[in-house]
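The structure appears right after this line, and notes come after that.
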Amino acid sequence: MKQKLLDTFKEKYGYDTGVNVYFAPGRVNLIGEHTDYNGGHVFPCALTIGTYAAAALREDRKLRFYSMNFEEQGITETSLDELTTDIKLGWTDYPRGIMWAFEGRGLKITKGMDIVIYGNIPNGSGLSSSASLEVLTGYMLSDLFGLNVSNKDLALIGQYSENNFNGCKCGIMDQFASAMGKKDNAIFLDCNTLEYEYAPVKLEDARIVVTNSMVKHSLVTSAYNDRRNESAEALRCLQTVLDIKSLGEINEAEFEANKHVIENEIARKRGKHAVYENQRTIKAVAALKNNDIVTFGKLMNESHDSLKNDYETSCEECDILAETARTIDGVIGSRITGGGFGGCTVSIVRNDAVEIFKEKIALVYKEKTGITPEFYVVDIGDGPHKL
Ligand code: GLA
């Protein structure tokens with residue numbers, strides 16, 4: 001992979017001295033969906049697929065970007081003086097946003113750069129291709145300019161940039177999972193405090209299978225931002241009777257005892273999901289620690305149902321994938337993962353059932369939707385690094 005990036009760099013920019021190659025992973029979230037911005041817990045893991053960059057410093061302030069995933073767009077040329085939110089330049093807004101956020105924090109970017117990007121996360125799959133590009137850029141800048149930014153700060157800068165440069169009010173999960181990833185471990189993160197713990201994912205006779213629905217419904221960003229507002233409304237109502245700062249602070253019983261103060265039915269459903277999903281995540285991690293994978297799977301299924309019925313961020317295609325998965329022997333649990341409205345499901349499948357799983361899901365899904373899904377039997381990888 002390194003050579004492929006170096007070759008492309010030479011071909012596009014005509015030189016090959018002073019070029020460094022970096023990688024940052026995508027992520028899959030095992031459980032804890034739409035809980036991050038509600039002050040709850042999440043349980044994602046970094047993948048071995050992600051985004052790569054080959055980059056070299058220039059002597060002027062010019063920035064040149066080339067993506068091997070968008071070859072038809074050619075080289076985008078801009079400069080450090082054009083790092084403003086009112087200039088929009090397609091996919092380069094992600095790396096440009098990180099440079100802008102570095103500058104905003106007083107982390108000086110003093111020279112221009114030539115950059116080649118390549119990602120092997122399927123686009124729009126909900127496996128955090130954007131967060132991996134953000135963390136990758138931060139890691140690269142920190143190294144090229146000797147800034148020693150911690151991986152935790154890379155996650156925070158990534159989220160800040162996505163919120164304020166790219167306009168998606170995402171939580172911290174994706175950037176944190178990418179920046180803090182650890183091979184064979186998932187990250188149990190308390191998004192209220194950013195305290196975290198690595199939990200080994202020892203599935204022994206099972207694998208994590210990601211199924212790509214191959215659909216991404218429109219208005220994802222606006223629907224996502226709506227969910228944030230609706231759960232914020234649930235919180236505001238509960239705060240009239242409870243002394244809390246986030247939905248992550250209460251359990252199911254406290255929610256049930258006070259939910260009547262949330263008059264708007266939609267907000268009540270959103271609040272319910274946020275509270276119950278957070279508790280499910282805490283229980284799921286405890287189950288995994290006890291090697292009780294069956295309970296873990298059951299909680300994954302409940303998570304999907306809650307995202308479908310109460311949070312309404314699933315979609316028909318992902319419901320078919322998750323619900324068909326449950327009918328297959330050897331499937332421990334299955335749910336939609338990530339922001340929703342399309343993208344992927346994540347399933348835990350016994351080794352000897354993986355082939356049957358793929359066959360049966362592909363058949364049923366194609367029959368019902370006309371679409372051929374993709375499957376990725378994934379491994380849990382490390383955070384960003386230099387190659
Ligand atoms: C997207 C966001 C995350 C998180 C998930 C839902 O991936 O970027 O912050 O909110 O959706 O769990």
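The values are calculated or read from the model by the stated rules, or taken from the named source; none is laboratory data. Bear in mind that the values here come from a model prediction, so they are computed numbers and not experimental data. Positions of Cβ are generated from backbone atoms using ideal geometry, with glycine treated the same way; all protein chains shown enter the neighbour counts.
Observations on the structure shown:
- Residues satisfying the stated conditions in the range 140-169, i.e. in contact with a Pro (Cβ under 8 Å, 6 or more places away or on another chain) and within 16 Å of the ligand (Cβ to nearest atom): LEU154
- Of residues in the range 305-331 being crowded, with 21+ Cβ neighbours inside 10 Å and under 19 Å from LEU203 (Cβ atoms), the one farthest from the ligand (Cβ to nearest atom): VAL331
- Pick from the range 42-52, criterion over 13 Å from LEU387 (Cβ atoms) and crowded, with 24+ Cβ neighbours inside 10 Å, ranking: nearest to the ligand (Cβ to nearest atom): VAL42
- Reported count of residues in the range 333-345, each being of a type in the set (A, V, I, L, M, F, W, C) and more than 12 Å from the ligand (Cβ to nearest atom), is 0.
- Scanning the range 31-41 for residues that are within 13 Å of ARG270 (Cβ to Cβ) and near the ligand (Cβ under 7 Å from one of its atoms) turns up GLU33, HIS34, THR35, TYR37.
- Failed item in (1) touching an Asp or Glu at 6+ places or on another chain (Cβ under 8 Å); (2) over 21 Å from VAL28 (Cα atoms); (3) outside any loop (DSSP other than H, G, I, E, B), with ASN212 passing the rest: (2)
- Within the range 82-122, restricting attention to residues that are within 16 Å of the ligand (Cβ to nearest atom) and modelled with pLDDT under 95, the residue that is nearest to PRO373 (Cα to Cα) is PRO122.
- The requirement of being part of a helix (DSSP H, G or I) and either modelled with pLDDT under 95 or within 13 Å of the ligand (Cβ to nearest atom) (or both) is not satisfied by ARG268.
- Residue under evaluation ALA177, criteria (1) more than 11 Å from the ligand (Cβ to nearest atom); (2) in a helix (DSSP H, G or I); (3) crowded, with 24+ Cβ neighbours inside 10 Å, criterion not met: (1)
- Residue satisfying all of: in the range 347-357; touching a residue at least 12 places away in the same chain (Cβ under 8 Å) and surrounded by fewer than 18 Cβ atoms within 10 Å (Cβ to Cβ); nearest to GLU317 (Cα to Cα) among these: ILE356
- Residues in the range 12-30 that are more than 9 Å from the ligand (Cβ to nearest atom) and assigned to a strand (DSSP E or B): 9 in all.
- Residues that are part of a loop (DSSP other than H, G, I, E, B) and more than 8 Å from the chain's Cα centre (by Cα) were ranked within the range 123-139; the one that is farthest from the ligand (Cβ to nearest atom) is ASN123.
- Residue match in the range 1-11 (condition: more than 24 Å from ALA155 (Cα to Cα), more than 16 Å from the ligand (Cβ to nearest atom) and either under 20 Å from the mean Cα position of the chain (by Cα) or part of a loop (DSSP other than H, G, I, E, B) (or both)): yes
- Boolean, ASP205 is surrounded by fewer than 24 Cβ atoms within 10 Å (Cβ to Cβ), at pLDDT 95 or above and over 18 Å from GLU33 (Cα atoms): no
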